[in-house]
Amino acid sequence: MKRKLLPLGLGLLLVMAFILTGSALLAEEEPVAIHFFAGGSPGCTYAVVVHKGAMAAAEILGPRVEVTTWWSDWSAEKMIAQFQEAMAMRPDGIAIMGHPGVEAFEPFVDEAKELGIIVTSADTPLPELEERYMADGFGYVGGDLYGFGFGLGEAAIREAGLVEGDRAFVWGLKGEPVRGLRTRGVTDAFEAAGLVVDYLEISPEVNADPALGIPVAAGHLLANPDTKVIVTDHGGMTAVLEDYIKAAGLGPEDIFGAGFDLSPATVRAIRGGYTDLVGDQQPFLQGFLPVFQIYLSYHYDFTGLHILTDAGLVHAGNIEAIAALAEAGIR
């Protein structure tokens, strides 16, 4: 069965229309209990924006929902364990991030379905589960991971003026079954152009605390002084990209810096020239829309909405258009 993608603007209009028209009808309803996975830690720049989106949705819905947040430090193992804990509390719905992959999540999502719990996903897709349970409210809010990664790689080649034989450093998450698609997209774009790609898997420690990667990045760049471009496939690490470059004794003109997702630190790095290109997948929406997905599926039996949030590429030429929103933790 082919899945139809709902345009983001139309999806938001539908959500707000149902809230406005249904508010009086459901004024006396019991709150929908939603357990929400923010992904990282309360100190992670990316996860905080996702969480802010979920809280904005909860504020709009008011007493109609009760939202419980789970912080997982980007650990796939912790996400699975926490999902089981959340399921044991019998909420009405659980909004997960798909980092552990289909194989890891499948038996537990199947069990949640048997218990009548609505499950939906964000950030990283779980296509087989989405296909199976779309009629029961399983949707996806996030990016086209491989395509977005490949597109950023191609743009970095173009903007940095890279040529065959140039060296690239990609720091990503190929080891994660679905989340790694974005990293593979970047490396495939570089390798197709004939670049020499040095790949490093993000360790669990750096995944949880990107500042721990400073000596790792400095060591790699000092050992490979001919590196022309560095790509960090991690929102929190992109926020620290300027520190990675400075720790190697490099200036903003010495290397092309690229990564994913905005933050106040990334805005400053773009303005200062240390970060040259950023893929923005609007994580605020990855918190905001799943809360509404569960609410609407619970009350109106809506099927899962598949909404792509890839917003395009941000650089010095367009950062000022959205800088204030990024600094406020909305973009």
Original post:
Tell me, which residue of the range 128-160 that is among the acidic types (Asp, Glu) and within 25 Å of residue 306 (Cα to Cα) is most open to solvent (accessible area, probe 1.4 Å)?
Top reply: 128
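With respect to residue 262, determine if the residue is in a loop (DSSP other than H, G, I, E, B) and either modelled with pLDDT of 95 or more or on the phi < 0 side of the Ramachandran plot (or both). Steps first, answer last, please.
Working: in a loop (DSSP other than H, G, I, E, B): yes; either modelled with pLDDT of 95 or more or on the phi < 0 side of the Ramachandran plot (or both): yes.
Judged against the criteria, residue 262 is a match.
Okay, residues lined up against (1) assigned to a helix (DSSP H, G or I); (2) of a type in the set (Phe, Trp, Tyr); (3) in contact with a helix residue (DSSP H, G or I) (Cβ under 8 Å, 6 or more places away or on another chain); (4) touching a residue at least 12 places away in the same chain (Cβ under 8 Å):
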residue: 141; (1), (2), (3), (4): no, no, yes, yes
residue: 150; (1), (2), (3), (4): yes, yes, yes, yes
residue: 162; (1), (2), (3), (4): no, no, yes, yes
residue: 177; (1), (2), (3), (4): no, no, yes, yes
residue: 194; (1), (2), (3), (4): no, no, no, yes
residue: 222; (1), (2), (3), (4): yes, no, no, yes
residue: 225; (1), (2), (3), (4): no, no, no, no
residue: 231; (1), (2), (3), (4): no, no, yes, yes
Subject >> Hits in the range 290-331 - residues which are over 17 Å from residue 133 (Cα atoms), in a helix (DSSP H, G or I) and open to solvent by 10 Å² or more (accessible area, probe 1.4 Å) >> reply: 320, 321, 324, 325, 327
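Give me a count of the residues in the range 241-260 that are open to solvent by less than 30 Å² (accessible area, probe 1.4 Å) and either acidic (Asp, Glu) or touching a residue at least 40 places away in the same chain (Cβ under 8 Å) (or both).
As a first pass, look at the range 241-260 and keep what is open to solvent by less than 30 Å² (accessible area, probe 1.4 Å): 241, 244-245, 248, 251, 255-260.
Filter again for either acidic (Asp, Glu) or touching a residue at least 40 places away in the same chain (Cβ under 8 Å) (or both), leaving 256, 258, 260.
Matching residues across the range 241-260 total 3.
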**OP:** Identify the residue in the range 26-81 that is of a type in the set (Ser, Thr, Tyr) and buried (at least 22 other Cβ atoms within 10 Å of the Cβ) and, among all such residues, is nearest to residue 289 (Cα to Cα).
**Re:** 46
Subject >> The one condition in (1) over 19 Å from residue 237 (Cβ atoms); (2) assigned to a helix (DSSP H, G or I); (3) in contact (Cβ under 8 Å) with a residue 24 or more places away in the chain that residue 156 fails to fulfil >> reply: (1)
Original post:
So which residues in the range 161-191 are open to solvent by 20 Å² or more (accessible area, probe 1.4 Å) and charged (D, E, K, R)?
Top reply: 164, 166, 167, 174, 176, 184, 188, 191
Original post:
Could we say that residue 238 is surrounded by 24 or more Cβ atoms within 10 Å (Cβ to Cβ), β-branched (Val, Ile, Thr) and either in contact (Cβ under 8 Å) with a residue 12 or more places away in the chain or within 30 Å of residue 128 (Cβ to Cβ) (or both) here?
Top reply: yes
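Does residue 198 satisfy the criteria of being open to solvent by 10 Å² or more (accessible area, probe 1.4 Å), more than 20 Å from residue 126 (Cβ to Cβ) and outside any helix (DSSP H, G or I)?
Taking the combined requirement at face value, the residue satisfies it.
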**OP:** Would you check if there is a residue in the range 269-283 being at pLDDT 95 or above, surrounded by fewer than 20 Cβ atoms within 10 Å (Cβ to Cβ) and either of a type in the set (Asp, Glu) or not in a helix (DSSP H, G or I) (or both)?
**Re:** yes
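The values are calculated or read from the model by the stated rules, or taken from the named source; none is laboratory data. All figures in this text were calculated on a predicted structure; none of them were measured in a lab. All Cβ positions, even for glycine, are placed from backbone atoms using ideal geometry, and neighbour counts span all protein chains on display. The accessibility values were calculated without ligands, DNA or RNA, using every heavy atom of the protein model including side chains. Shrake-Rupley method; radii C 1.70, N 1.55, O 1.52, S 1.80 Å.
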